[in-house]
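Notes to accompany the following structure.
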Amino acid sequence: SGAHFDYGNPKDWPKDYPSCGGMRQSPINIQLQDVGMIEPGQQPVYRNRYGAKPKRMTITNNGHTVQLTGEWQKGYTPTISGGPLNGTYQFSELHFHWGSNNFVGSEHLINNHSFPIEMHIVHWKETYGNKTEATKHPNGLAVLGYLMSIHKSPNRGLKMMQMGFQHIVEPSRSTKIDPFPLSFFDPNVSRQKTARYFTYPGSLTTPPCSESVTWLLSVRLGNIATHQLDSLRRLRLSNHDNHNNRPTQQLNGRSVSSYLEIQFSNA
Ligand code: 1SD
Ligand code: ZN
């Protein structure tokens, strides 16, 4: 993206990007005592075709994070639906937010607690035709956020991405990597097939901070290894930033609710 901003002075973002000073900004601190219960009979969030392997995959250092994109055969692009979402949302890209040390890094907090890394899987609503158009609508995007913690065993998806990291150390570099299904990012340390999600209406956490995101956040037993966090920190970001997590924003009366996610391992 061509956006110029850095993480030294996130309070200055609204000067260049007015939406960053809006009333439904992200991330937020989720206070568990304020979160609604999972209501009986509520539709779960479905992940569809997360087991489908793409034809091509690319990683890019965009100066703010490392992004993963893919090209699937026609009709095989992963989607999400259900839960609080109306209609189907197509996968666009995924990326990570991290901190300068392992005690900070996630963008969202749970009861003031930070996680060392947060993964964002960005989806756009199909009926808007493309992501740029979808970003202009209050329900245009749905981002799955995974708050991950450190574990001995490495994350399988991130491991595949790391194979190409040597080629994208500098900002604006891209490289092709061996294709793999998005389900490789699932924790391999947990047997659970369903997980609780927190959902609330928010924004992109980076300029232009468009208020178009339905956030779906999951706290999982993570399996990211410390050496994987170190490999992310070795990627150079613009303005010598050593972290890429925006501080939490005001709730401004928004409420956070809970849903179940159903994971499908089949393609
Ligand atoms: O930081 C990303 C940004 O890179 C871009 O992917 C944008 C979606 O167009 O989303 C933000 S974020 O809100 O997912 N952090
Ligand atoms: Zn993000």
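The values are calculated or read from the model by the stated rules, or taken from the named source; none is laboratory data. All values reported here derive from a predicted model rather than from experimental measurement. Cβ sites come from the backbone with ideal geometry, for glycine too, and all protein chains shown count toward neighbours.
Some observations on this one:
- In this structure, Arg233 does not satisfy being modelled with pLDDT under 90 and among the basic types (Lys, Arg).
- Selection status of Arg246, within 16 Å of ligand 1 (Cβ to nearest atom), over 26 Å from Pro78 (Cα atoms) and either among the hydroxyl-bearing types (Ser, Thr, Tyr) or not in a strand (DSSP E or B) (or both): yes
- Residue in segment 188-201 that is crowded, with 20+ Cβ neighbours inside 10 Å, touching a residue at least 12 places away in the same chain (Cβ under 8 Å) and out of contact with any strand residue (DSSP E or B) (no Cβ under 6 Å at 6 or more places or on another chain) present: no
- Test: residue in segment 161-170 that is within 16 Å of ligand 2 (Cβ to nearest atom) and at negative phi: yes
- Among residues of segment 157-175 that are in contact (Cβ under 8 Å) with a residue 12 or more places away in the chain and surrounded by fewer than 18 Cβ atoms within 10 Å (Cβ to Cβ), those with a Cβ under 8 angstrom from a residue that is polar (S, T, N, Q) and in a helix (DSSP H, G or I), sequence gap 6+ or separate chain, pair up as Lys159/Gln228; Pro171/Ser238.
- Test for Ile28: is it under 20 Å from Phe185 (Cα atoms) and either within 16 Å of ligand 1 (Cβ to nearest atom) or without any contact (Cβ under 8 Å) to a residue 40 or more places away in the chain (or both): no
- The residues on offer are Gly87, Gly129, and the sole one that is at pLDDT 95 or above, within 16 Å of ligand 1 (Cβ to nearest atom) and among the small types (Gly, Ala, Ser) is Gly129.
- No other residue among Pro84, Pro116 is closer than 30 Å to Val169 by Cα, under 19 Å from the mean Cα position of the chain (by Cα) and surrounded by 18 or more Cβ atoms within 10 Å (Cβ to Cβ) apart from Pro116.
- Test: residue in segment 91-101 that is in a loop (DSSP other than H, G, I, E, B) and away from ligand 1 (no atom under 16 Å from the Cβ): yes
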